[in-house]
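Have a look at the structure below before the remarks.
The values are calculated or read from the model by the stated rules, or taken from the named source; none is laboratory data. What you are looking at is a predicted structure, and each value in this text was computed from that prediction instead of being measured. Virtual Cβ from ideal backbone geometry, glycine too; neighbours counted across all protein chains shown.
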Amino acid sequence: MPKPKCSLLHTHLCLTLIFCLFFCIVGPVNGSSAFQEQELENTVAGLLQQQPKTYQEIDQALRSYKRDTLALNFFILKATEEAFAAGRSYALNQIGTVYRNLSDFDKSIALHQEALEAAETENNTEFVVYSLNMLGVAFRRKDAVKTALDYNQRALELAESIEDPSTHIKRNINVALNSIGNLYQTLGQYDLAISQFERALELEKALGNKLGLAINNQNIGDCLEQQGQLEEAMERYKTSLAFNDAINNDFGRVICKNSIARIHLKQGRPNIALNILEPLLEPIAKNGDPFIWSTIFANLGWANMEIENYRVAETMMLKGLEMGNTNSMPSRVVYAQKLLSDLEARKGNHKQALQYFQEAERFDQQLKDDRNVRYINDLILRYEAEKKNSQISALAQENELVKLRLRKNQTTILVSALVIGLIGTILFIMYRQYQSNYEKRVMGLEQNMLRSQMNPHFLFNSLNSIKLYIINNDKKNAVHYLNKFSKLVRRILDGSSLKETTLSEELETVELYLNIENIRFSEGISYSINVADDIDPGQLKIPSLVLQPFLENAIWHGLSSKEGEKNLWLDVSRKDDIHIVISIVDNGVGRAASEKIKENRVIQRKSVGIDITKERLANFAKDYQYGFSIEIIDLFDDEGAPKGTKVVLEIPTI
């Protein structure tokens, strides 16, 4: 819970008074201390007089005090007195970064939030973007994925909206991309993460920022390592290390060397890893970042475990675990506990090994559940927002086109004779009204089709299936199901705006739909899709999403109530040079039995998918020389018992 603003300001005032009392009571030890105090006062006085609004101008003056919390608090007090909001925002963010590096995330977040409010009071976009990014980084370190993503996305959107961005704004675009990439990495979406890091890498090259190049190469290496591409990851880590050496960045060097040592451990070279890790204890102790410090202790324990130095290994791993617990870093706790479980198993202490393992799994499961639920909800909300923005943009463009046409018509009316102009205007209005009614009807059909495809019943069941996999810790199936579900949603939403699509794309969408429905039926449906050799699916056009309603009927009205073997066949053949024939056959209970089952249901739901599809096929056929046909045939065996249903669609191709 962030501290109230009055509490934070009180803290700043107290620290500033301590700073002043120190010099009053103790007095300067030598001339150098007095000079430094006077230099700070002169710097602060100059900034308060000029009150610059850009990050670069303020940072140039206060750069040497960026990690000096006493000096920064002194500056905050003076900036508050003079209503210097930009300077106050700068100093609050710097102190927040200090606390973040000490893993005091709650205090860090409170300071960054106060910095954001200060920037917003004077509508300073540069400092608003910077504060949003810093909040995103702090929440990411707390594993609050959704909140972090919100802040970094806001920072990125605001920064990219600036027409002539400053160098600092460009740097913040890269920071946002890097942070978003880190969030995808946390969620295990490594390809998405790498794409963000690569984009940031190109922008950092353009800026000539070696620190940014080091950070993004390090992050890409982390993703590659998680994907098992150890050699490629090692090359990225070495590239990052070279950039850190070039700018003499001790902290960056520690991070790179720790990662390189971890690769050596995974490749079975513990002695090399020890030689790299042991010299890192002194520089990381000076830096004091518990997140990296905890990892180094754990990796030192791992290396000692591999050379069977179990006593030292346990000491190091327990230090890493304690540091993770003390600083509320769940991912570091899980990492240390899994290593301790492995160590106890090697020592023969299987009960203790099981306890560590179970505790690690409990932490890990809690993290995964929270991350996945937040991530799915966030994706759905963001996609809907993007879709609405696209629709608004399209309507605005259409509005501009209509205005342009009206102006052109007005010019024609003025030049033409009054009678001809009047007749032309009437005809134009009639034509536009007919065109508008036709477009509205087609749009209504498309929207009804979309609603019938993506009905709440289907979405609810699909998301429940994903939720079940997550609860059962079946990560592989959850990701597999979610990927297929998201692809199908994307295809249906894209297809809803298209009048027609290729047969090959339609069949891919059909296969995705059948695959998802089959997962929900525990793979109990055997289905096949066959296309005749004389048909090129990539060349033929059919209405988009035209087959799904028939497949849904076959599954939910024919096969769902059937006991035993469930089969579904989809065949595409050519009737003649004019038509293709698409047949959908199931071995379900038949239409008569399906109607009886439907009558006995408590909730009656009217299916409108077939009627909408017929109307869409009629609109589609208007652009061709020949018509279409739909035939639904009840199938019976030799004894007259129902054995399924066959749907035959004839669609024109010319």
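Filter the range 538-566 for residues that are touching a strand residue (DSSP E or B) at 6+ places or on another chain (Cβ under 6 Å), surrounded by fewer than 20 Cβ atoms within 10 Å (Cβ to Cβ) and without any contact (Cβ under 8 Å) to a residue 40 or more places away in the chain and give the result.
GLY538
Could you list all residues from the range 503-530 that are surrounded by fewer than 20 Cβ atoms within 10 Å (Cβ to Cβ), at pLDDT 90 or above and not in a helix (DSSP H, G or I)?
Of everything in the range 503-530, those that are surrounded by fewer than 20 Cβ atoms within 10 Å (Cβ to Cβ), at pLDDT 90 or above and not in a helix (DSSP H, G or I) turn out to be SER526, SER528, ILE529, ASN530.
Every residue, every condition in (1) at pLDDT below 85; (2) of a type in the set (Gly, Ala, Ser); (3) closer than 14 Å to ASN219 by Cβ; (4) within 10 Å of the chain's Cα centre (by Cα), yes or no:
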{"position": "ALA148", "(1), (2), (3), (4)": "yes, yes, no, no"}
{"position": "GLN153", "(1), (2), (3), (4)": "yes, no, no, yes"}
{"position": "GLU157", "(1), (2), (3), (4)": "no, no, no, no"}
{"position": "ASP191", "(1), (2), (3), (4)": "no, no, yes, no"}
{"position": "SER195", "(1), (2), (3), (4)": "no, yes, yes, no"}
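Of the residues that sit in the range 572-601 and are of a type outside the set (A, V, I, L, M) and part of a strand (DSSP E or B), which one is surrounded by the most Cβ atoms within 10 Å (Cβ to Cβ)?
ASP586
Can you tell me which of TYR335, TYR356 is assigned to a helix (DSSP H, G or I) and in contact with an Asp or Glu (Cβ under 8 Å, 6 or more places away or on another chain)?
TYR356
Only one of LEU547, LEU551, LEU498 is under 18 Å from ILE612 (Cα atoms) and modelled with pLDDT under 85; which?
After ruling out the rest, the residue left standing is LEU498.
Pick from the range 113-127 the residues that are touching a residue at least 24 places away in the same chain (Cβ under 8 Å) and acidic (Asp, Glu): which of them is surrounded by the most Cβ atoms within 10 Å (Cβ to Cβ)?
So the residue we want is GLU114.
Please find, within the range 258-288, the residue that is modelled with the highest pLDDT out of those that are charged (D, E, K, R) and surrounded by fewer than 20 Cβ atoms within 10 Å (Cβ to Cβ).
ARG269
Can you tell me how many residues within the range 554-571 are under 23 Å from ASP611 (Cβ atoms) and part of a strand (DSSP E or B)? Quick ask: steps written out before the conclusion?
Let us first name the residues in the range 554-571 that are under 23 Å from ASP611 (Cβ atoms), namely 554-561, 568, 570.
This time we only want the ones that are part of a strand (DSSP E or B), so: 568, 570.
Residues meeting the conditions: 2.
If you go through the range 582-613, how many residues are touching a Leu at 6+ places or on another chain (Cβ under 7 Å) and either modelled with pLDDT of 75 or more or polar (S, T, N, Q) (or both)?
Restricting attention to the range 582-613, the residues satisfying the condition of being touching a Leu at 6+ places or on another chain (Cβ under 7 Å) are 582, 584, 586, 588, 612.
Within this subset, residues satisfying the condition of being either modelled with pLDDT of 75 or more or polar (S, T, N, Q) (or both) are 582, 584, 586, 588.
So the answer is 4.
Since ALA45 meets every condition but one in (1) under 26 Å from LEU135 (Cβ atoms); (2) at pLDDT 85 or above, which condition does it not meet?
All conditions pass for ALA45, except number (1).
Just give me the residues in the range 182-197 being under 25 Å from GLU126 (Cα atoms) and either touching a residue at least 40 places away in the same chain (Cβ under 8 Å) or surrounded by fewer than 17 Cβ atoms within 10 Å (Cβ to Cβ) (or both), in sequence order.
Once the filter is applied, which keeps residues that are under 25 Å from GLU126 (Cα atoms) and either touching a residue at least 40 places away in the same chain (Cβ under 8 Å) or surrounded by fewer than 17 Cβ atoms within 10 Å (Cβ to Cβ) (or both), the range 182-197 yields ASN182, LEU183.
For ARG269, state whether it is closer than 22 Å to MET329 by Cα and without any contact (Cβ under 8 Å) to a residue 60 or more places away in the chain.
The answer is no for ARG269.
Could you go through the range 98-120 and let me know if any residue there is closer than 30 Å to PRO290 by Cβ and in contact with a His (Cβ under 7 Å, 6 or more places away or on another chain). I'd like the intermediate steps shown before the answer.
We begin by selecting, within the range 98-120, every residue closer than 30 Å to PRO290 by Cβ; these are 98-119.
Next, only the ones that are in contact with a His (Cβ under 7 Å, 6 or more places away or on another chain) stay: none.
For the range 98-120, residues closer than 30 Å to PRO290 by Cβ and in contact with a His (Cβ under 7 Å, 6 or more places away or on another chain): absent.
Mind counting the residues in the range 412-456 that are modelled with pLDDT under 75 and β-branched (Val, Ile, Thr)?
4
Within the bounds of the range 643-653, is there any residue that is in contact with a helix residue (DSSP H, G or I) (Cβ under 8 Å, 6 or more places away or on another chain) and either more than 24 Å from GLU506 (Cβ to Cβ) or at pLDDT below 80 (or both)?
No, the range 643-653 has no match at all.
Out of PHE105, PHE139, I need the residue that is surrounded by fewer than 24 Cβ atoms within 10 Å (Cβ to Cβ), touching a residue at least 12 places away in the same chain (Cβ under 8 Å) and under 26 Å from the mean Cα position of the chain (by Cα). Which one? Please lay out each step first, then the result.
Working: PHE139 fails: surrounded by fewer than 24 Cβ atoms within 10 Å (Cβ to Cβ).
PHE105 is the lone residue from the list that is surrounded by fewer than 24 Cβ atoms within 10 Å (Cβ to Cβ), touching a residue at least 12 places away in the same chain (Cβ under 8 Å) and under 26 Å from the mean Cα position of the chain (by Cα).
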